[in-house]
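The values are calculated or read from the model by the stated rules, or taken from the named source; none is laboratory data. Here the structure is a predicted model, which means the values were calculated and not measured. Heads up, the Cβs are rebuilt from the backbone with ideal geometry, glycines too, and the neighbour counts pull from every protein chain shown. These area figures cover heavy atoms from the full protein model, side chains too; ligands, DNA and RNA do not enter into them. Shrake-Rupley method; radii C 1.70, N 1.55, O 1.52, S 1.80 Å.
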Amino acid sequence: MIKKFIKRILGVKKRAGTSSQDKQPVVLPAKQHGIDPKLVSPNAVRVTQTLQEAGYKAFLVGGAVRDLLLGVKPKDFDVATNATPEQVKKLFRRAFIIGKRFQIVHVMFGQELIEVTTFRGASSEAAPKDEHGRVLRDNTFGEQHEDAVRRDFTINAMYYDPATQTVLDYHGGMDDIRKKTLRIIGVPEARFREDPVRLLRVVRFAAKLKFTIDPTTSAPIAVMAPLINNVPAARVFDEMLKLLLSGHALACLQQLRKEGLHHGLLPLLDVVLEQPLGEKFVRLALTNTDDRIKQGKPVSPGFLFAALLWHQVLEKWHAYKLAGEYPIPALHLAADDVLETQAEKLALQRKITSDMRDIWAMQPRFERRTGKSPYKLLEHPRLRAGYDFLLLRCASGELDAELGEWWTDFMAADGPGREALLAQKPKGESDGGAPKKRRRRGGRSRNKSAAPAEGGSGE
Ligand code: ATP
Ligand code: MG
């Protein structure tokens, strides 16, 4: 009885920190973890095998092991080893050392990339930090148990050896997989403080895996949210992109709100989560993106960000027009304003912002359905993205569905068909004072669905 009690206390202690027990992992044989070896990439096995034959330790680690334990095919494989990057590089024909501070090795097999990381050492008290406690540099190599303790969540800190089919579990990850619980390793406040990006990661994993965040882990989240503001914009952007392209973007954003991570955290989240007018539009854009990711179709970040910020652009566009600006320059001014606000916190790459501007700038051009305008628009290199965006606006009720249908027809039509469409007087548009007529629909088959066929492809 007493033994059990002590064990329980120790168990709790072990959970909460980095006690000496964490040096010895629980070793789980195949029949206990049930990983299906067929889900493991043969190239990942090749990497661990090559390293092991050269005398090193090598394991699959992180998200791949977590997904394997959940019976899901991992999207990529990371390997952890005690070999140094130089030692790893020597063993493979196509291996590249990446990074300046903490080097990792990219081993390539055709299109597949296996990321090989040397075990990291325990983060030291002496590691340089910013004034808020964020660790700036902490790049020493270390032992496997030290590597485990530095990982973020218990379910992300397990190691799988494909050769022996054993899982090494240092922090009760297997238990948490069974309980569908996200639990940060160590003291939550300290771990969020040393890397506030973990605040976004916990939300992404909870939404994606449909796991519950352990109350001790979730308690400090809302209070610590402002720490994200001190993280370099490029890292926040990478993590936001992972969240938005996770295939569960809508669920992630709802979870962000639930955890109190939306208000005043990032201008993007304020816009996306707190705009009643754009809510339907954003929801459609995100659902569309999630569907595309689940179907393995490409998604363009430019399209997605253009959609997330559209209603802010609309609002500012309207304000500039009211102030007396002409519509087209007003739209460009609105785009400048919106992108400037976002750029501060979110390092949107130039390619992405230029895609966003193109998509936005095309929108008023879809409303001109006379003369040479529509033909010129057909030649636009980003027509497809602009058109998908237009369909999204129609589907959200912002524009009459008829406009989207007209463009679907116009793009599909041949020469005479296009002339016929142009000859129709579109509803709500005038050609210089002539009486308005209802557009008669042609007899051709058309895609009547207002939902974008390629929404989000952007290509
Ligand atoms: P996904 O399937 O979405 O890629 P993942 O768990 O593989 O999820 P990655 O960002 O690829 O996530 O990171 C790989 C592993 O590296 C994680 O599983 C975790 O062990 C560790 N890791 C990544 N980011 C952090 C972080 N900020 N703090 C601590 N550990 C981290
Ligand atoms: Mg990963």
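The length gained on full extension between Thr164 and Leu39, counted as 0.36 nm times the residue separation minus their Cα-Cα distance, comes to 43.4 nm. Close amide H contacts of Arg120 (hydrogens built in the peptide plane, cut-off under 5 Å, sequence separation of 5 or more or a different chain): Gly142, Asp147.
Sorting Lys180, Lys208, Lys321 by accessible area puts them as Lys180, Lys321, Lys208; the probe is 1.4 Å, largest comes first, and only protein heavy atoms count. Across the options Leu168, Pro188, Ala83, the greatest Cα extent toward the positive end of the charge dipole of region 2-193 (unit charges at beta carbon of Lys, Arg, Asp, Glu) belongs to Pro188. Accessible surface computed residue by residue for region 2-193, with neighbouring protein chains in place and a 1.4 Å probe, gives 52 Å² per residue.
Backbone amide hydrogens, once placed in the peptide plane, bring His171 within less than 5 Å of nothing, excluding anything fewer than 5 places away on its chain. Between Glu86 and Lys180, residue separation times 0.36 nm minus the direct Cα-Cα distance comes to 30.0 nm. The share of C-alpha pairs in region 196-258 whose separation exceeds 17 Å stands at 36 percent. Net length available on complete extension from Arg368 to Val27 is 116.0 nm, with 0.36 nm assigned per residue and the Cα-Cα distance removed. Protection proxy ranking for 100-107, 35-42, 166-173, using the average of other Cβ atoms within 10 Å per residue and placing the highest first: 166-173, 100-107, 35-42.
Cross-link check: pairs Lys73/Lys351; Lys297/Lys351; Lys31/Lys179; Lys57/Lys90 evaluated at a Cα-Cα cut-off of 23 Å; pairs beyond the cut-off: Lys73/Lys351.
Accessible surface for Trp310 stands near 0 Å², nearest 10, in the context of the full protein assembly shown (1.4 Å probe). Using θ = phi - 60° in the Karplus curve 6.51 cos²θ - 1.76 cosθ + 1.60, the 3J(HN,Hα) couplings for region 391-405 round to 4, 5, 5, 5, 4, 7, x, 5, 10, 5, 4, 4, 5, x, 5 Hz; x is entered for Gly and Pro.
Nearest 0.05, what FRET efficiency do Lys321 and Lys294 give at R0 = 51 Å with Cβ-Cβ as r? The value I calculate is 0.85. Annotation: for a label point projected 7 angstrom from Cα along Cα→Cβ of Thr140, residues of region 85-121 with backbone N closer than 19 Å are 85, 101-104, 118-121. For region 2-193, averaging the sequence separation of C-alpha pairs within contact (under 8 Å, six or more residues apart) and dividing by the residue count gives a relative contact order of 25 percent. Modelled spin labels at Ala361 and Ile97, positioned 7 Å past Cα toward Cβ, are 4.4 nm from each other. For Leu68, neighbours were defined as the other residues whose beta-carbon sits under 14 Å from its Cβ, and their charges (Lys and Arg +1, Asp and Glu -1) total -2.
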